[in-house]
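Written below as structure tokens is the structure these notes are about.
The values are calculated or read from the model by the stated rules, or taken from the named source; none is laboratory data. Fair warning: this is a prediction, and the values are worked out from it, not measured in the lab. Neighbour counts are summed over all protein chains in view; Cβ atoms, including those assigned to glycine, are modelled from backbone coordinates with ideal geometry. Note: areas computed on protein heavy atoms with side chains; ligands, DNA, RNA excluded. Shrake-Rupley method; radii C 1.70, N 1.55, O 1.52, S 1.80 Å.
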Amino acid sequence: MEIATKYNPSEVESKWYEYWMKNRFFHSEPDSREPYTIVIPPPNVTGVLHMGHMLNNTIQDILVRRARMMGKNACWVPGTDHASIATEAKVVAKLASEGIKKTDLTREQFLEHAWEWTHKHGGIILEQLKKLGASCDWDRTCFTMDEKRSESVLKVFTDLYNKGLIYRGVRMINWDPAAKTALSDEEVNYKEQQGKLYYLRYKIAGENGYAVVATTRPETILGDTAVCINPNDPKNAHLKGKKVIVPIANREVPIIEDDYVDIEFGTGCLKVTPAHDVNDYMLGEKYNLESIDIFNDDGTLNDYGLQYAGIDRFDVRKQIEKDLEAAGLMEKTEAYTNKVGFSERTDVPIEPKLSMQWFLKMEELAKPALEAVMSDTIQLYPPKFKNTYRHWMENVKDWCISRQLWWGHRIPAYFLPQGGYVVAETPEKALELANKIVRTQNPESVKTPDFKPLQLSDLRQDEDCLDTWFSSWLWPISVFDGINNPENKDIRYYYPTNDLVTAPEILFFWVARMIIAGYEYRQDKPFGNVYLTGIVRDKLGRKMSKSLGNSPDPLDLIAEYGADGVRLGMLLTSPAGNDLPFDNELCIQGRNFNNKIWNAFRLVKGWETAEMEQPEAAGIACRWFESKLQQTMEEMNDLFEKYRLSEALMLVYKLFWDEFSSWYLEMIKPGYQQPIDRKTYNKTLSFFDSLLRLLHPFMPFITEELWQALSDRKQGESIMIVPMPEGHDYDKDLLDGFDLVKEVVAGVRTVRTQKNIPNKDTLELQVTGEYHALFNPVIIKLCNLSSVARLAEKTPGAISFLVGTTEYAIPVSNNIDVEEELAKLKEELIYQQGFLDSVLKKLNNESFVSKAPAKVIEIERKKQADAESKIKSLQESIAALK
């Protein structure tokens, strides 16, 4: 196989991805091997690839490819999420651009548009993931609203309802006026906002005085049905038992008393608006107060808003301030900072609103899911997130699962003509239940000749949809059809899955709920490990986003640097749970590493071989690198077990760049236009094969290209299905010894540089002190030496350096300017003597020696010994030159 002069990622990537797909290397079926399973966090069906997806899916692909090469039956299930709020908003916007309002359409007509949009834009992101090299089992692609997943959702809703865990009721919920739907508590983000505290005058009925009430939301006074004081507040005791008149509304409301009121906040008088504040709602329930909802679903005021009807809530706030001032009912305003809840989806302030919704009781369901994580049955990486998880799960609230949307799974509740409702998976089952109720309630009428059972047209299905998370919480089960067919071979083989890779911000939204569903429907965890990625940030530390314009298009990065270059760039600085400070320089580093591998391969494959004896230096190099390879594999395995993927990558990166390219290849490289012995050449190809396998999970494309070119391959062979290199024992003493060799070589090269001695000039190396001659052939080759001689004393005038306490010297009297060299040596001698003095001051200080730990004293004594050894060597060198 011909290897090009330069690496061209675009040609290589498309060729090999097509080859992998054609040979179905990504596909998995249950067999006798150990399964390894990951389910993809399903991206929004109409979404496009962003930097967060790149990081998340790169990590998943590394784990899956590695598992495959470890001999496991690896299955990575892809899919997309229908994303109710986001997708409906996009469809509504698209219709608006065509002059069509959602309200002008029937539900069925709107859903036709939504499905058309989904079919047109859906799945784009999955195609983009292929560019990254994602080795998903595309035959298993799922969609949260496809037939099997939809059937699963309705079956679970019905089951939980029948267990008494789902209920319907009027509750205070979070209302999103932009999306016009309820939100769960977890879908609300609280942000600090600069606003005002308004002090309003409520006239005391039948008197001339006023009760002054402080509020941040003066527009809601139109829904006030009481004013509350603390019974222990002396400054408001005169208000007990009285009534006040709500400003502008001119409605009399009672003064009520409750310990809930904070005496220190504002004036100690609290306006009570049961329809628009969670705590006011509780007071309303307690004191049986009327609840007046003043808002329309879009955040404008309704007819209870009087003259402000039809105007947006924030515009009313500005206007009502002016009107209250004009009426003399505004005491004062103060600047005030408070936390306001914003919709996680639309980023508009939410409205607390009384609404009829569906809820899932969470307290009992959450218990096994909490225990699973706290006992490490499911492990979070990094484990610091356990406390966050515990806090959420111990304070879990009932989940509001209904949404006022059309795009999504419609709630399977059917209302009967005479009142009441039934819950069933299908309309047909609902009709059967409804008729059973009719027969039970009116047994006599069933016997009459004119009795007609209910028809489907008599039932009215609930208009609401289920929260999107109500389908994705079943994902690890539903992708294997484990809800509809709980004993099928796929769910029994692939569940529980192994690893989940996701973002910490959906730890409760999604991860915790999947764990709950796993224990409820499989009595088992859904996955064993959760790898929590950080946030991708720019150089300034800002989160990458479209709105800031600081997020590069991942596909542009792939086009410029190659998929392997980008994958490497994403991983070089992304430890689990910590944010990734992304810079294009990282991709350049990734691309440069690709080029390094490519050029090293071309160098090796360009050598001519011959039947000749293996040089001693090459033999030592082969034994050393074999041990270095084995040591690295052992460390990599340990890092993968701890999910420290960035560190594992850096390990193999340095192994190739430093140890293999900079040291090993230099040690075995044949002379100019000389052949290499066949034994060393074959061993080098074997090392290259091992290195490519270790690198493959991180860099799938270039490793496949070079592995195919390494030797003759048959059709259907691939690096992605060959085993990882096998580990075995290695010689640690050899590795430690070679670390000293590196220092010796560096010392000789430094002398050459400082003395301007060309590399072609042969030098002699003299050694005084403890020394092992094993590595002499390597040192001679790398340093271009005539010999390495062990002497009792070095040649006068030789330039010396220390490695540990062993002195190495190079006679260079014929190659240097003596006066210049003397000046340098004297300068170094003065520095070393000053350094020794500072160390001795510490060691001669009784207070320091008595208080410092033994290890610190030991370090200082080593510094003393090294400095004394260097001073002796410098003095000898100076004396010799004189």
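Here is how the numbers come out for the structure above:
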item: Sequence-distant lysines (8 or more away, or on other chains) whose Cα lies within less than 19 Å of Lys203; result: Lys235, Lys240, Lys242, Lys243, Lys271, Lys322, Lys332
item: Expected 222 nm ellipticity per residue - DSSP helices of 4 or more, -39500 (n - 2.57), all of the chain, to 500; result: -13500 deg cm²/dmol
item: Under 23 Å between alpha carbons - lysine pairs in segment 1-122 that sit 8 or more apart or on different chains; result: 9
item: 4 °C / 1.567 mPa s Stokes-Einstein diffusion coefficient of segment 363-460, Kirkwood radius on C-alpha pairs, µm²/s; result: 74
item: C-alpha center-to-center spacing [segment 1-75, segment 365-401] in angstrom; result: 31
item: Highest average packing first - 254-263, 82-91, Cβ atoms within 10 Å; result: 82-91, 254-263
item: Kirkwood-based Rg to Rh ratio, segment 231-339, C-alpha trace; result: 0.96
item: Mean Cβ count within 10 Å, highest first, over the residues of peptides 673-682, 591-600; result: 591-600, 673-682
item: Taking the C-alpha atoms of segment 514-583, convex hull volume expressed per residue in Å³; result: 138
item: Taking the C-alpha atoms of segment 330-390, convex hull volume expressed per residue in Å³; result: 218
item: Segment 560-666: mean projected area of Cα convex hull, nm²; result: 8.1
item: Cβ crowding within 10 Å averaged over residues, with 17-23, 738-744, 41-47 ranked highest first; result: 41-47, 738-744, 17-23
item: Coarse-grained scattering of segment 749-870 at q = 0.19, 0.22 Å⁻¹, given as base-10 log I(q)/I(0) from a Debye sum over alpha-carbon atoms; result: -1.06, -1.26
item: Protein accessible area in segment 266-413, 1.4 Å probe - carbon and sulfur %; result: 47
item: Span from the segment 202-277 Cα centroid across to the segment 644-666 one, whole angstrom; result: 72
item: Surface share of carbon and sulfur [accessible, 1.4 angstrom probe, percent] for segment 640-746; result: 47
item: For Thr216, distant residues with modelled amide H under 5 Å away; result: Tyr198
item: Segment 165-233: translational diffusion in µm²/s, Stokes-Einstein, Kirkwood Rh over Cα pairs, 20 °C, 1.002 mPa s; result: 133
item: Whole-percent carbon and sulfur share, accessible surface of segment 102-187, 1.4 Å; result: 49
item: The chain: relative contact order in percent, alpha carbon pairs under 8 Å with at least 6 residues between; result: 13
item: Cα-based shape type of segment 622-743, given that a ≥ b ≥ c are square roots of the gyration tensor eigenvalues and the cut on a/c is 1.5; result: oblate
item: Three-way shape call for segment 177-282 based on the alpha-carbon gyration tensor, with the a/c threshold at 1.5; result: prolate
item: Dmax and Rg, reported as Rg then Dmax, of segment 748-817 (C-alpha, Å); result: 11.4, 34
item: Residue pairs, from the table Lys794/Lys862; Lys318/Lys543; Lys191/Lys384; Lys286/Lys429, whose Cα atoms sit over 31 Å apart; result: Lys318/Lys543; Lys286/Lys429
item: Over segment 281-379: Rg over Rh, Cα atoms, Kirkwood Rh; result: 1.15
item: Relative compactness, segment 461-543, computed as alpha-carbon Rg over 2.2 N^0.38 Å; result: 1.33
item: Residues of type aspartates and glutamates that Lys605 reaches as a straight line, Cα spacing below 18 Å, ignoring anything fewer than 8 places off in the same chain; result: Glu2, Glu666, Asp677, Asp689, Glu704, Glu705, Asp712
item: Residue-normalised accessible area of segment 220-364, given per residue in Å² at a 1.4 Å probe; result: 48
item: Distant alpha-carbon pairs in segment 306-429 (separation over 24 angstrom), percent; result: 62
item: Folded to 0 to 90 degrees: helix 385-394 orientation relative to the chain principal axis, Cα; result: 20
item: Å² per residue, accessible surface of segment 795-850 at 1.4 Å; result: 59
item: Kirkwood Rh, angstrom, the chain [1 / mean 1/r, Cα pairs]; result: 33.8
item: Average projected area [Cα convex hull, segment 565-612], square nanometres; result: 4.7
item: Extension reserve of the Gln875-Ser662 stretch, reckoned as 0.36 nm per residue once the Cα distance is removed; result: 73.2 nm
item: Segment 199-241: C-alpha pair distances exceeding 16 Å, %; result: 41
item: Exposure rank, largest accessible area first [Leu289, Leu557; 1.4 Å]; result: Leu289, Leu557
item: Principal semi-axes in Å for segment 474-597 [√(5λ), Cα gyration tensor, largest first]; result: 36, 18, 12
item: Surface accessible to a 1.4 Å probe, Cys587 within the full protein complex, Å²; result: 0
item: If the convex hull is drawn through the Cα atoms of segment 408-511, its volume per residue in Å³; result: 142
item: Pairs beyond 28 Å (Cα-Cα), from Lys155/Lys361; Lys679/Lys755; Lys679/Lys742; result: Lys679/Lys755
item: 1.4 Å probe accessible area per residue over segment 471-550, in Å²; result: 35
